[in-house]
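K.L.:
Please find one structure pasted underneath; my questions will follow.
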Amino acid sequence: MLLDDIHGPADLKKLNDKELQQLASEIRKFIIEKTSEYGGHLASNLGVVELTIGLFRALDLPKDKIVWDVGHQAYTHKILSGRKDDFDGLRQYHGISGFPKRAESPYDCFGTGHSSTSISAGMGIAEARDIKGENYTVVSVIGDGSLTGGLAYEGLNNASRMKKNFIIVLNDNKMSISKNVGGMSKYLNGLRSASGYNRLKVDVGGTLLKVPVVGEALVHQIQQAKNSLKQLVIPGMLFEDMGITYLGPIDGHNIKEVERTINEAKRINHAVLVHVITKKGKGYKPAERFPARYHGVSPFNVNTGKPLSNGGKTYTEVFSDKICELAKDNKKIVGITAAMPDGTGLTRFSEEFPNRFFDVGIAEQHAVTSAAGMASNGLKPVFAVYSSFLQRAYDQIVHDVCLQKLPVVFCIDRAGLVGSDGETHQGIFDYSFLTSIPNMTVMAPKNAGELEMMMEFAMKYPLPISIRYPRGVAYQGLSEFKEPIEYGRSEIIFKGKDIALFAAGSMVSTAEHIRDKAIKRGYDLTLINARFVKPIDTHVIDELVKDHKVIVTLEENVKQGGFGIQVEAYVHENHPGTKVVTITLPDKYVEHGNVTKLREGLQIDSESVMKLLSEKGIIDFGCEEEG
């Protein structure tokens, strides 16, 4: 196999056209094979194989730098930079990351995972290059989807003032920017990419200005005519008007054309945008047919394209069904997503209530502020969003929603440990950044049924409110415990004595398991479902301290600003004789890997918690090892 002989960019530059096509085919087959086994981002990676090969041939890597926006499309980049053999641990615990990671390779010059960052990051790298007097090429690769994010335009606005080369590759896989038309387009593209074009513009303008009387007017008329022609045949006028040279569009699956255009772009002494057209999912029919469905995949059967397992109804699906049910009776409910209707469970809502559905693109800030505007005018907006992406709209939550006490509902998916997507996607900070905001209420369900109850509660609540729930199959246990929700009050599931397990959200099931083990050892533990992370239930704490010596809090969030530290602070101030043990995530970013292994490694699984409680002399679990 040709791919086995590729260990770096130098090996690519030895290949002829036929071999390059063979290599692209082998890379696609390899990516399909590995994602079918380990899961990962499939369609986006299949769409950039030739583009990546072309970049690697045109650039001198790793001296030159590539910043991949989001980074979920960087598998070919990793394969060609000597990491092919590491794909046997793709996104696994202690294995290779699914995203660019500075600590992983010198070819990964900037870590990514969230959208729309590449232009700003690439520009910063290029500015540092120029200040230090260095000489190399910086390329930012951004998808058309990422251009819906405001940060990308902030980057473009600033890139336009650059005085030295900086290349932006626009990977357009949705045809969202119209193609150029006909031969004139190709001619103008070739003319404008020529190294002497910009100098020629200045020389001609300077000569015409010397013509007596009519010189300035003539230059103005020519400029107007040129602009009209460019508006007609060049779809990149947005970039041109910002001062960024536009090249393209070109076929992103034509390696030689990519290589040639990048080499031309390298000769331009300011910011230049290369527009490439690619097909998401190329080379795998199911992914070509349904690119959104095969964007991120769990392990699947290559022949059928179907997932290998289906463990039951997920929290996302519970949310999806419930919001549609509620919206049938409440005409004020609107659903908002930031370019993720499938991932957040709003696809069905969009089909049943198209006039009340808003996909704002990758624009979380706009999503929150527009939700605030809707709420201020009598609607009940529900913003469904991943925990890690909600971080991007923090000021809007503070300034536009909570300050004005507007009844926006935040349904926060992928909260807690999400697993294989790693540091950039773990939802482990939302308790901390939400509980610090006045007027914000934060809830976390113990199981599927309670998520439905909390959604019903939230639709009637007149102030900002958040419901956070984890990725994956919804817990169905403890379903017999469904006491009506009362604001700020927890749910006592089992009443014991001496020791209380006070758990939030996903950790209730862990606490249940610990209690079952403790009962076998002769301990009668109290188990409480917090329900509310803000406000914490101080009433139940005041009751617990009367006949409990220890309160153990459990949460899937970092300690700082989390649930446990609030309980600990309240007990310390009001009941100093009661001991509080907080089970939280550590103050660090959490790597990628299977969630079960991550919980074990971070010591928040039931066995680790039992071991800790034994070491502290709180409960003697002995040497019991059964799971």
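K.L.:
Determine if the stretch 17-32 includes at least one residue that is touching a Leu at 6+ places or on another chain (Cβ under 6 Å) and crowded, with 23+ Cβ neighbours inside 10 Å.
P.N.:
There is at least one residue in the stretch 17-32 that is touching a Leu at 6+ places or on another chain (Cβ under 6 Å) and crowded, with 23+ Cβ neighbours inside 10 Å.
K.L.:
Related question: Return the only residue of PHE494, PHE502 being closer than 19 Å to SER614 by Cα, of a type in the set (Phe, Trp, Tyr) and modelled with pLDDT of 95 or more.
P.N.:
The unique qualifying residue is PHE502.
K.L.:
Further question on the same structure: Scan the stretch 406-454 for residues that are at negative phi, at pLDDT 95 or above and of a type in the set (S, T, N, Q) and jot them down.
P.N.:
THR424, GLN426, SER432, THR435, SER436, THR441, ASN447
K.L.:
Now for a separate question. Among residues belonging to the stretch 62-77 that are surrounded by 24 or more Cβ atoms within 10 Å (Cβ to Cβ) and touching a Pro at 6+ places or on another chain (Cβ under 7 Å), point out the one that is nearest to VAL138 (Cα to Cα).
P.N.:
Among them, the one singled out is TRP68.
K.L.:
Considering only residues that are acidic (Asp, Glu) and over 26 Å from LYS579 (Cβ atoms), which ones fall in the stretch 467-502?
P.N.:
GLU480, GLU483, GLU486, listed by residue number.
K.L.:
Being touching a strand residue (DSSP E or B) at 6+ places or on another chain (Cβ under 8 Å) and either over 30 Å from ALA367 (Cα atoms) or not in a helix (DSSP H, G or I) (or both) is the filter here, so list the residues in the stretch 126-158 that pass it.
P.N.:
Scanning the stretch 126-158 gives ALA126, ARG129, TYR136, THR137, VAL138, VAL139, SER140, VAL141, ILE142, GLY143, ASP144.
Let's see how each residue does on (1) crowded, with 24+ Cβ neighbours inside 10 Å; (2) in contact (Cβ under 8 Å) with a residue 24 or more places away in the chain; (3) within 23 Å of GLN426 (Cβ to Cβ):
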position	(1), (2), (3)
SER36	no, yes, no
HIS41	no, yes, yes
VAL49	yes, yes, no
HIS94	no, yes, yes
SER97	yes, yes, yes
ARG102	no, no, yes
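K.L.:
Being in a helix (DSSP H, G or I), surrounded by fewer than 21 Cβ atoms within 10 Å (Cβ to Cβ) and not assigned by TED's automatic domain parsing to the domain that holds GLY145 is the requirement here; does VAL368 meet it?
P.N.:
no
K.L.:
Give all pairs with beta carbons closer than 9 Å in which a residue from the stretch 485-514 that is more than 14 Å from GLU543 (Cα to Cα) meets a residue that is surrounded by fewer than 20 Cβ atoms within 10 Å (Cβ to Cβ) and among the small types (Gly, Ala, Ser); count only pairs at least 6 apart in sequence or on separate chains.
P.N.:
ALA503/SER509; VAL508/GLY477; SER509/GLY477; GLU512/GLY477; HIS513/GLY627
K.L.:
Which one is farthest from ALA338 (Cα to Cα) among residues in the stretch 382-426 that are touching a Lys or Arg at 6+ places or on another chain (Cβ under 6 Å) and among the hydroxyl-bearing types (Ser, Thr, Tyr)?
P.N.:
Among those residues, the one meeting the criterion is SER420.
K.L.:
Take the stretch 60-86 and flag every residue that is in contact with a Ser or Thr (Cβ under 6 Å, 6 or more places away or on another chain) and of a type in the set (A, V, I, L, M).
P.N.:
VAL67, VAL70
K.L.:
Now for a separate question. Consider GLU288 carefully, then state whether it is surrounded by 19 or more Cβ atoms within 10 Å (Cβ to Cβ), closer than 25 Å to SER420 by Cβ and among the acidic types (Asp, Glu).
P.N.:
no
K.L.:
Another one. Does the stretch 265-277 contain any residue that is crowded, with 16+ Cβ neighbours inside 10 Å and of a type in the set (Lys, Arg)?
P.N.:
yes
K.L.:
A further question on this structure: Could you pull out the residue among LYS256, LYS282, LYS322 that is buried (at least 19 other Cβ atoms within 10 Å of the Cβ) and under 15 Å from VAL48 (Cα atoms)?
P.N.:
Criteria check complete, one pass: LYS282.
K.L.:
From the list GLU259, GLU264, exactly one residue is at pLDDT 95 or above and touching a Lys or Arg at 6+ places or on another chain (Cβ under 8 Å). Which is it?
P.N.:
Residue meeting the stated conditions: GLU259.
K.L.:
Out of everything in the stretch 546-572 that is polar (S, T, N, Q) and surrounded by 16 or more Cβ atoms within 10 Å (Cβ to Cβ), what residue ends up being nearest to the chain's Cα centre (by Cα)?
P.N.:
Taking the candidates together, the pick is ASN557.
K.L.:
Is at least one residue of the stretch 388-408 free of Cβ contacts under 8 Å to residues at least 12 places away in the same chain, assigned to a loop (DSSP other than H, G, I, E, B) and either surrounded by fewer than 17 Cβ atoms within 10 Å (Cβ to Cβ) or not assigned by TED's automatic domain parsing to the domain that holds HIS592 (or both)?
P.N.:
No, the conditions are met nowhere in the stretch 388-408.
K.L.:
Related question: Here are some conditions: (1) under 30 Å from ILE437 (Cβ atoms); (2) among the aliphatic types (A, V, I, L, M); (3) surrounded by fewer than 21 Cβ atoms within 10 Å (Cβ to Cβ). ILE536 meets all but one. Which one does it not meet?
P.N.:
(3) is the only condition that ILE536 fails.
K.L.:
Can I ask one more? Does SER388 meet the test of being at pLDDT 95 or above and touching a strand residue (DSSP E or B) at 6+ places or on another chain (Cβ under 8 Å)?
P.N.:
Answer is yes for this residue.
K.L.:
For the stretch 2-32, enumerate the residues that are of a type in the set (D, E, K, R) and more than 22 Å from ALA43 (Cβ to Cβ).
P.N.:
Within the stretch 2-32, ASP4, ASP5, ASP11, LYS13, LYS14, ASP17, LYS18, GLU19 qualify.
K.L.:
Further, regarding this structure: For residues that are in a helix (DSSP H, G or I) and either of a type in the set (Gly, Ala, Ser) or farther than 25 Å from VAL473 by Cα (or both), tally how many sit in the stretch 435-453.
P.N.:
Here the count works out to 3.
K.L.:
Collect the residues in the stretch 304-319 that are buried (at least 20 other Cβ atoms within 10 Å of the Cβ) and out of contact with any Leu (no Cβ under 7 Å at 6 or more places or on another chain), keeping them in residue-number order.
P.N.:
Within the stretch 304-319, THR316 is the sole residue that qualifies.
The values are calculated or read from the model by the stated rules, or taken from the named source; none is laboratory data. Please read these numbers as outputs of a predicted model, since none were measured by experiment. Ideal geometry is used to build each Cβ from the backbone, glycine not excepted, and the neighbour counts take in all protein chains shown.
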